[in-house]
Amino acid sequence: MFSEKQLTEIKALLKPENKIVIISHYNPDGDAIGSTLGLKHYLKTKGLEADTIVPNDFPKFLKWMPEAKKITIADYKRKKAFELIENADVIFILDFNATHRSGNLVAPWLERAKATKILIDHHQQPDDFNFVYSDTSVPATCQMVYHFIEAMGDAHLVNKDIAQCLYTGIMTDTGGFRFRSTSATTHRITANLIEKGADPAEISSNTWDTNTLSRFQLLSLILSRIEIIGNGRVAILYLKRNELEKYGFEKGDTEGFVNYGLSILGVQVSAFFMEDLYEDYIKISFRSKREVDVNQFSRSFFNGGGHINAAGGKSFHSIEESINEFKEVYTHLNLEE
């Protein structure tokens, strides 16, 4: 958490005359949108307005959250996003640890911005900003936003809008509270959020019970050809661009696909390779169990990073070459016997 001195300095920055912007990462997920909106609604309780920006669009199943449709999507509204960042006095950077994670469009604007930059994030090896609250042991940035609100002495200000947003991010980034980073503190916080108005059944239904036909068709395809290597300890899944086009892929359709590989008995690592629909690279998602570190593996071999048990990467080769490269280096994962 920020030091007492830093919290005092942050409080001094949060005043009505200052322009406040909240930014999250490229390809925003539930934790990104939940933390962004949760912080926005918290600031609103203090009489402060904040503009919210994401670099590109996010899945429909997250757009039910209060004021989600007011988020500025930089890909669609470039002039507005640029001006908000350029004119900001304070920029909160949520759920990403390095400027480049905001994408090729937003990153240069963020680097040049004269605003005071405040990072709240749980990924490893953060960049240096004016204020940094980084904790890799916390399972979701939404939980960190709750800790920040507490540290500001404002836990009593948490209302239903804040609770709904923060609960969503915690739920999604913990895989429905299944991941090992989920702690007793996490459960105590979600209990508090429920008391403040978060509805677990409604949130779960809004977020996860939204399968499209295209999602089921794509899921059926990858499960029909899942490959297991490494004596049953590694699962490989993949989708090609022409397959995404064939089944009418929409953003969010492949959310969680990588976890199906990890659910197979004996599998310790799941790797999901997907050709980007518009750009010439392969997006890779890694998931692992126990002490198998896919974060360092992704950093070393696939231009990525993340958490010990959940990381992402990129390859600029063909999907076949990318999978073959993975097969050549996966032994560096130090899988357990």
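The values are calculated or read from the model by the stated rules, or taken from the named source; none is laboratory data. Keep in mind the model is a prediction, meaning the values are calculated, not measured. Here the Cβ is made from the backbone with ideal geometry for all residues, glycine too, and neighbour counts use every protein chain on show. Surface areas here come from the heavy atoms of the whole protein model, side chains and all, with no ligands, DNA or RNA. Shrake-Rupley method; radii C 1.70, N 1.55, O 1.52, S 1.80 Å.
Quick look at the numbers
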quantity: Residue-wise HN-Hα coupling along the stretch 257-267, computed from phi with Karplus coefficients 6.51, -1.76, 1.60 (Hz; x: Gly, Pro); calculated: 4, 4, 5, 5, x, 6, 7, 6, 4, x, 6
quantity: Rounded to 10°, Cα long-axis angle of helix 78-87 versus longest principal axis of the chain; calculated: 50
quantity: Nearest-ten-degree value, helix 213-224 long axis tilted from longest Cα axis of the chain; calculated: 40
quantity: Exceeding the 24 Å Cα-Cα cut-off - candidates 5/196; 40/80; 70/117; 77/160; 114/314; 69/114; calculated: 5/196; 77/160; 114/314; 69/114
quantity: Cα centroid separation - the stretch 213-242 against the stretch 252-301, whole Å; calculated: 11
quantity: Peptides 267-273, 110-116 ordered by average Cβ neighbours within 10 Å, highest first; calculated: 267-273, 110-116
quantity: Cut-off under 5 Å, modelled amide H: who pairs with residue 119 long-range; calculated: 93, 131, 132, 133
quantity: Residue of 307, 187, 25 that the Gaussian network model of the chain assigns the largest fluctuation, springs spanning Cα pairs under 10 Å; calculated: 187
quantity: Mean Cβ neighbour count within 10 Å, used as a protection proxy, ranking 203-211, 297-305, 134-142 highest first; calculated: 134-142, 297-305, 203-211
quantity: Per-residue [θ]222 nm for the chain (sum of -39500 (n - 2.57) over DSSP H runs n ≥ 4, rounded to 500); calculated: -12000 deg cm²/dmol
quantity: Accessible surface of the chain [probe 1.4 Å, protein heavy atoms]: carbon and sulfur percent; calculated: 47
quantity: Charge tally in the Cβ shell below 13 Å around residue 115, where Lys, Arg are +1 and Asp, Glu are -1, residue 115 excluded; calculated: -1
quantity: Environment charge of residue 321, counting only residues whose C-beta is closer than 11 Å and scoring Lys/Arg +1, Asp/Glu -1; calculated: -2
quantity: Net charge over other residues, Cβ less than 10 angstrom from the Cβ of residue 172 (K, R count +1; D, E count -1); calculated: -4
quantity: For the stretch 213-334: accessible area per residue (Å², 1.4 Å); calculated: 48
quantity: Principal-axis tilt of helix 184-195 within the chain, Cα atoms, nearest 10 degrees; calculated: 60
quantity: Among [x] 1.14; [y] 1.02; [z] 0.96, the entry derived from the coordinates for Rg/Rh (Cα atoms, Kirkwood Rh); calculated: [z]
quantity: Residue of 289, 70, 79 that the Gaussian network model of the chain assigns the largest fluctuation, springs spanning Cα pairs under 10 Å; calculated: 79
quantity: Per-peptide average of other Cβ atoms within 10 Å, ordering 170-180, 37-47 highest first; calculated: 37-47, 170-180
